[in-house]
Amino acid sequence: MNIVVIGAYGNFGARLCRALARRADMRLIVAGRDLGQARQFAGQLGGDAQALRLDVAQADLAQALRDAGAQLVIHTAGPFAPGDYAVALAAAAAGAHYVDLADNRRFVCDFSAATDAAFRRAGRLAITGASTVPALSSAVVDHLTEGWRGVASIDCCIAPAQSAPRGLATLASVLSYCGAPIKVWQDGAWVVRYGWADRAPVAFRRLRPRAGALCDIPDLELFPARYPGVRTVMFRAALEVGLGQAAFALLATLRRKGLIARPERFAKLMHVAGRGADFLGTRLGGMVVRVRGVDAAGAPAARAWHIAADNDHGPEIPAMAAILLARRLAGGWGATGSHSCMGQLALAEFEPEFAKWGMLTDIVEGNEAVGGNAP
């Protein structure tokens, strides 16, 4: 299978390429706007990896993908703007499958309606959100609640290591909703909260407690539909260094007061400042997913899943779902149409990937699972 990876030498694209390189059933085409960087990285991968100059904004994108012999296009070059499905539609026009690592709420939630007809006509498959959310997060919730009669609440928190590599585009995307109104499903109704505001303590199995703040991600909208009867869905991010979390909270306050309009303009400044604060943090990051509901016997139940990623390996996690999907497609998976990556993968499929990087997972139940931050 010829796989064109757009943004292949970037933060997540490079990790994905290294995982798929030298497989007998795949040929990687390293694509990006800088042909020199693409060639250099393709050379590092070895095997028969090739380089391709490609700009997602070019008018002849579909033809360029067709000329490259693309059978699968993996799009890692975010941020993913709501409503901009040009790359996906170009992949469909080129007769290729498509996978992206998007975690923008509107991009992911509106993807199927905008692209499904094109991929069904082409007889190809498109998957959006093949990243930590909603791919891994939904796999975890499905695993924790298997056999339950009902799910009452879902509470997730990502806790990156301070020193872990992070991309400027990702930071800009996160800052874009800092202080912005966000619709959240709370107590069985949609309410408005604000991005990176209302910090709350979050406990982890193998990390020190941190303060987490609301993030605008697809799960907030997808989970209430996937788990009928759920009354509360929350998703937070918890930075390791308190100064960083405070800076995000300050920007959120300034935006709500109308003093700044676009916090993402501070992405470069925050990126540099974050690197300067690395000495205050560690190389240990993680994630926790907590659920409450009614188990198979009709009794109240609470479970939590924790993962700890040391040695700055946390950024490997967002690329894992796309790696798993690429292997499945290369193996002849015949699905068609456009879908989010919610429920597409089982937690057991991720576990060998966790093991490769020495990541540790824990499942706890009962009072210990609540952890002091139940929604």
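The values are calculated or read from the model by the stated rules, or taken from the named source; none is laboratory data. Predicted, not measured: the structure shown is a model, and the values here were computed from it. Neighbour counts are summed over all protein chains in view; Cβ atoms, including those assigned to glycine, are modelled from backbone coordinates with ideal geometry. Side chains are part of the model used for accessible areas, which takes the heavy atoms of the whole protein and leaves out ligands, DNA and RNA. Shrake-Rupley method; radii C 1.70, N 1.55, O 1.52, S 1.80 Å.
Taken over segment 13-24, the criterion of being out of contact with any strand residue (DSSP E or B) (no Cβ under 7 Å at 6 or more places or on another chain) and at pLDDT 95 or above is satisfied by A14, R15, R18, A19. Looking for something assigned by the TED database to the domain that holds V364 and either within 19 Å of W305 (Cα to Cα) or in contact with a strand residue (DSSP E or B) (Cβ under 9 Å, 6 or more places away or on another chain) (or both) - is there at least one such residue anywhere in segment 255-275? Yes: segment 255-275 contains one or more residues that are assigned by the TED database to the domain that holds V364 and either within 19 Å of W305 (Cα to Cα) or in contact with a strand residue (DSSP E or B) (Cβ under 9 Å, 6 or more places away or on another chain) (or both). Taking only pairs six or more apart or across chains, which ones have beta-carbon atoms under 6 Å, a first residue in segment 184-203 that is at pLDDT 95 or above, and a second residue that is surrounded by 13 or more Cβ atoms within 10 Å (Cβ to Cβ) and hydroxyl-bearing (S, T, Y)? Correct list of pairs: Q186/T232; G195/Y177.
If you scan segment 119-129, which residues turn out to be under 18 Å from Q71 (Cα atoms) and open to solvent by less than 40 Å² (accessible area, probe 1.4 Å)?
If the condition is that a residue be under 18 Å from Q71 (Cα atoms) and open to solvent by less than 40 Å² (accessible area, probe 1.4 Å), then F119, A122, G123, L125, A126, I127, T128 are the ones that fit.
Scanning segment 319-375 for residues that are open to solvent by less than 30 Å² (accessible area, probe 1.4 Å), in contact with a helix residue (DSSP H, G or I) (Cβ under 8 Å, 6 or more places away or on another chain), more than 26 Å from A21 (Cα to Cα) and aliphatic (A, V, I, L, M) yields a count of 0. Within segment 166-179, one or more residues are at negative phi, out of contact with any His (no Cβ under 7 Å at 6 or more places or on another chain) and free of Cβ contacts under 8 Å to residues at least 60 places away in the same chain.
For segment 84-118, a residue qualifies if it is small (G, A, S), within 18 Å of the chain's Cα centre (by Cα) and either surrounded by fewer than 23 Cβ atoms within 10 Å (Cβ to Cβ) or in the same structural domain as A169 (by the TED database) (or both), and exactly one does: S112.
Taken over segment 44-63, residues that are surrounded by fewer than 20 Cβ atoms within 10 Å (Cβ to Cβ), within 19 Å of M1 (Cα to Cα) and out of contact with any strand residue (DSSP E or B) (no Cβ under 8 Å at 6 or more places or on another chain) amount to 2. Figure legend. Inter-residue proximity from segment 328-341: first residues at pLDDT 95 or above, second residues among the acidic types (D, E) and assigned to a helix (DSSP H, G or I), beta-carbon distance below 8 Å, spacing 6+ or different chains. Indicated pairs: G337/D116; S338/D116.
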